[in-house]
């Protein structure tokens, strides 16, 4: 029997003009103990899922995730939303037997429309969570207060309260696939097929700008995202300004959006390059 809360949500979706939500909200009976109930509406819904326990440098770590499903045409945001938007905020303060949590961010997409360029996700995304228990021998109960935004033509704030006692890890494969989409750490100047070779400054058409050279397979579509040293920075989304036969793409963005009193010299930027199924993250000083 379908649980009452799921039946109610499915009925609401069908009454709203489409039963696409049944596939979205229907539970996986074989792994019901490893997922919380869906919370949301016909536009977006979220739940907690559980993966298997593992180790991180000798420390026991439990794997979990926040799974989000979005209706066609709707999107949500990355940790840096771009020109507009609100990144998801994860609060696990009321969890039991949890020392700390780390939320991982899969490689995002770029969206451009009349309001500007934003960075985020569409259709579906799983945010992997690494959970470090206080006592590895005891159960872990995750309680999440999630604030996020979803956008189609307009943006709508949303929130969810989710709870899950981490079980046997029935969603290990889904979490592993999402973790594989998290950009891997790399260094400036690496020689990998996807790498960031150079970051520099020059005088652009509208003032000082930053240029970044990215090397990637010639057949791959490449996107670059830039973040400042802290949340006070609001850098423009880099634009592709040139490409060479050797696979080098040059991106550029105006040196704009710095908080009051901040200096560009020596500031460490986080650069995320995405090329197909591969993605890297590089920290580099803006000398």
Fill in the blank from the handout: Of the residues in region 182-220 that are farther than 27 Å from residue 262 by Cα, surrounded by 14 or more Cβ atoms within 10 Å (Cβ to Cβ) and out of contact with any strand residue (DSSP E or B) (no Cβ under 6 Å at 6 or more places or on another chain), the one that is modelled with the lowest pLDDT is 190
Problem - Per-region count, region 264-280, residues surrounded by fewer than 19 Cβ atoms within 10 Å (Cβ to Cβ) and in contact (Cβ under 8 Å) with a residue 60 or more places away in the chain - result: 2
Exercise for the section: Take region 169-178 and flag every residue that is in contact with a helix residue (DSSP H, G or I) (Cβ under 7 Å, 6 or more places away or on another chain) and closer than 15 Å to residue 130 by Cα. Expected result: 169, 171
Completion exercise
Over region 221-245, the set of residues surrounded by fewer than 16 Cβ atoms within 10 Å (Cβ to Cβ) and either closer than 20 Å to residue 277 by Cα or in contact with a strand residue (DSSP E or B) (Cβ under 7 Å, 6 or more places away or on another chain) (or both) is 221, 239, 240, 241, 242, 243
Exercise for the section: Inspect all residues belonging to region 47-56 and state whether any of them is modelled with pLDDT under 95, part of a loop (DSSP other than H, G, I, E, B) and either buried (at least 20 other Cβ atoms within 10 Å of the Cβ) or out of contact with any strand residue (DSSP E or B) (no Cβ under 8 Å at 6 or more places or on another chain) (or both). Expected result: no
Fill in the blank from the handout: Of the residues in region 118-150, those that are closer than 22 Å to residue 71 by Cβ and part of a strand (DSSP E or B) number 15
Exercise for the section: Would you be able to tell me the number of residues in region 208-239 that are under 12 Å from residue 252 (Cα atoms) and either outside any strand (DSSP E or B) or in contact (Cβ under 8 Å) with a residue 40 or more places away in the chain (or both)? Expected result: 14
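The values are calculated or read from the model by the stated rules, or taken from the named source; none is laboratory data. Every value quoted in this text rests on a predicted model; they were computed, and no experiment measured them. Here Cβ is always computed from backbone atoms with ideal geometry, including for glycine, and neighbour counts include all displayed protein chains.
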